[in-house]
Amino acid sequence: MQTPKFKSAPRGVALIAIALCLATTLPVSAAEKPRSKPWFVEVSAQRGIRFHHQDGRSGQKFYIESAASGGGWIDFDHDGDLDLYLINGAATPGSKLDGTPTNALYENRDGRFVDVTAKAGVGDTGYGMGMCAGDIDADGKLDFLLTNYGTDRLYRNLGGGRFAEIGAKAGVANDRWGASCAFGDIDGDGDLDIYVAHYVQFSFESNPFCGDRARNLRAYCRPNVFDGEADSLFINQGDGTFREEGKARGLVQGKDEKGYGVVMSDLDDDGDLDIYVSNDGTLNRLYVNDGKGHFSDEALLAGVGLSARGSAESGMGVDLGDVNGDGREDLLVTNYSMETNTLYLNLGGLMFEDGTRKAGLAESSYRYVGWGTAFFDHDNDGDLDLALVNGHAVDNIEIFEASLKYRQPNQLMENLGGGRFHDVSREAGPALAVERVSRALAQGDFDNDGRLDLLVTNTNDPIDLLHNEIDNGHHWLGLVLRGPKANPFAIGARATLTLNGKKTIREVRSGSSFLAQGDLRPHFGLGTHKGSVSVEIRWPDGRVQRETTEQLDRYWTITYRPRGQ
């Protein structure tokens, strides 16, 4: 194209004309294309949620205030839709709050949420952090663990909308700083065990000064100021109690263990659950299971302990998903500003490589502090996209680093195919552009319309409930897996869907992300496909079951069949 010539027009007019000409002839990127309506719309107040988080800050920069708090989805009444549990902070020494911050349980009633906290008995007032869900006693009712700075709570589901707190009785009520957690059958005996990532040793009585002493400017410390806490592994004894066996089963001990995120999956495809832990500022851990629930840390050998440059990064949240369609679960860890979020591509044979830059995920994360994250198919086209929530840990960071901000927008990265991502946050709509201090992220289809929605928790703010309103006509299939007797919700199961010769995998996963619990139902986008699909379920006990259906755009219940049936 030749540049137009302007002989008599003023310079400013000429430049405007050139810009208009270029705008009508140059290609427009996906993020700049005009949109008829947003993809995601914030609907929390519209749907009845009146929750407001408080971190109890008093100006003394207590370190716990920088991380709180999480929440997640749990179908506690077993009626087929997702209910919502939200976690709050608490008062700290010297703080002045209106009322007592309290956790809240919202029952989903046809897409609207009703606060049932008081009846359910789950309104904990401790300094809340995260949660994970699982059926601890195999009675078909979903229980959940609440992690705190302070004593953790284990809520046993009694049915009828009520819970009993049994943490101390069950043996899991430790009082170290609990962060993310996950349920899974670690030792292969059929029932669910619990992993709890612990963060650092902090107390109100020992609160070091960090920041700029010369200007008397106090800031939240970095994790290297504190010693870490070894994680906990609670083994289910089968009688309603658990025994902590982390050290005996191979978990690394010592001050370098600063666990924030945890995810369980069979990463070496040998039929048992392995555990990945993101540590903040120290080596991450990949605990490889020997088949009997004993572990060795293979993070360095596998290539997932450090960045490609050999640095320990500030691991926050973590999730797994097959981003490039090769049938292997890849690993995403969110990190601090001036680092990047890191994508470890699974090469097979328990070997990974840092594929962050190749995937297009480096530059888009450099200025942000990432926390919760989720792989999910936001547009039902068959591949996994990526959601990320951000917010700095230091509330006065602008004073120390002018290029950074405390309140930050969240992000949606679209998979263009083959694991190459493009930032479509602008196209997703203004709900993602709102600058907040976000922490937890949990995906889940709360209105059962087949489009995955997002829960985002925010520090000292209401939550964001992002309703997915993409209308592209794509088909989908959700699975409700009814597992073996000892694990009714099939936590740890892997579903493989075959469509036109291509295999797509999803898992039933407790925990992951950051301080969050996502939807337990595996979800598959099918694009424009209208025919039959086949699904292979590898149940937690290793049994493989194959099913076929032609009925799409629904949640399909598949029940475990013992051998011989």
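The values are calculated or read from the model by the stated rules, or taken from the named source; none is laboratory data. Fair warning: this is a prediction, and the values are worked out from it, not measured in the lab. Don't worry about glycine lacking a Cβ; one is built from the backbone with ideal geometry, like all the others, and counts go over all protein chains shown. Note: accessible area is taken over every heavy atom of the protein model, side chains too, but ligands, DNA and RNA are not part of it. Shrake-Rupley method; radii C 1.70, N 1.55, O 1.52, S 1.80 Å.
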Rounded to a whole %, the carbon-and-sulfur portion of the accessible area of segment 215-274 at a 1.4 Å probe is 41
For the chain, the charge dipole (Cβ of Lys, Arg +1; Cβ of Asp, Glu -1; about the Cα centre) points to a positive end, and the Cα of Y155, L320, Y406 closest to that extreme belongs to Y406
The correct pair for segment 107-185, radius of gyration to one decimal and Dmax as a whole number, both in Å and from Cα atoms, is 12.8, 39
Computed on Cα atoms, Rg of segment 281-330 relative to 2.2 N^0.38 Å comes out at 1.29
For the chain the mean separation of alpha carbon contacts under 8 Å (6+ apart) over residue count, i.e. relative contact order in percent, is 14
Length gained, S532-A168, 0.36 nm per residue minus C-alpha separation, equals 126.1 nm
Per segment 208-294, sqrt(5λ) over the Cα gyration tensor eigenvalues, sorted largest first, in Å, gives 35, 15, 10
Going through K61/K405; K141/K485; K503/K530; K96/K258 one by one, the pairs whose alpha carbons sit over 19 Å apart turn out to be K96/K258
In order over segment 457-469: 3J(HN,Hα) from phi, Karplus 6.51/-1.76/1.60, θ = phi - 60°, whole Hz, x for each Gly or Pro, gives 9, 10, 6, 6, 8, x, 6, 10, 9, 9, 7, 7, 10
Gyration tensor on Cα atoms of segment 303-435, a ≥ b ≥ c root eigenvalues, a/c under 1.5 rounded, else prolate if a/b beats b/c, else oblate, says oblate
Ordering 275-281, 437-443, 468-474, 119-125 by per-residue average of other C-beta atoms within 10 angstrom, highest first, gives 437-443, 275-281, 119-125, 468-474
On the formula 1/(1 + (r/R0)^6), with r taken between the Cβ atoms of A248 and R543 and R0 of 45 Å, the FRET efficiency rounded to 0.05 is 0.95
Rounded to two decimals, the Rg over Rh value of segment 311-377 from Cα coordinates and the Kirkwood Rh reads 0.95
A chain fully extended from A118 to A45 at 0.36 nm per residue, minus the present Cα-Cα distance, gains in nm 24.3 nm
Here, segment 427-565 modelled as identical Cα point scatterers in vacuum has Debye log10 I(q)/I(0) at q = 0.16, 0.22 Å⁻¹ of -0.91, -1.34
For 370-380, 449-459, 244-254, 489-499, ranked highest to lowest by mean beta-carbon neighbours within 10 Å, the order is 370-380, 449-459, 489-499, 244-254
Karplus ³J(HN,Hα) for segment 389-395 (6.51 cos²θ - 1.76 cosθ + 1.60, θ = phi - 60°; Hz, whole; x = Gly/Pro) runs 10, 10, x, 5, 7, 9, 6
To the nearest Å², the heavy-atom accessible area per residue of segment 209-362 with 1.4 Å probe amounts to 37
Computed for the chain: size of charge dipole around the Cα centre, +1 on C-beta of each Lys and Arg, -1 on C-beta of each Asp and Glu, debye to nearest 20, value 1640
The extension gain from D449 to N207, computed as 0.36 nm times the residue separation minus the Cα-Cα distance, is 82.3 nm
So the carbon and sulfur contribution to the accessible area of segment 282-428, 1.4 Å probe, in percent, is 51
With x for Gly and Pro, the residue-by-residue ³J(HN,Hα) of segment 443-453, computed from phi through the Karplus equation 6.51 cos²θ - 1.76 cosθ + 1.60 at θ = phi - 60° and given in whole Hz, is 8, x, 8, 6, 10, 6, 9, x, 10, 6, 9
Spelling it out for L347: with amide H atoms placed in the peptide plane at 1.01 Å from N, the residues 5 or more places away or on another chain with amide H under 5 Å from its amide H are F352, E353
Once amide hydrogens are built 1.01 Å from N within the peptide plane, the residues lying 5 or more places from F376 or on another chain with amide H under 5 Å from its amide H are D385, L386, A387
Output row, site N472, 7 Å Cα→C-beta label point, backbone N cut-off 17 Å, window segment 492-525, residues 523-525
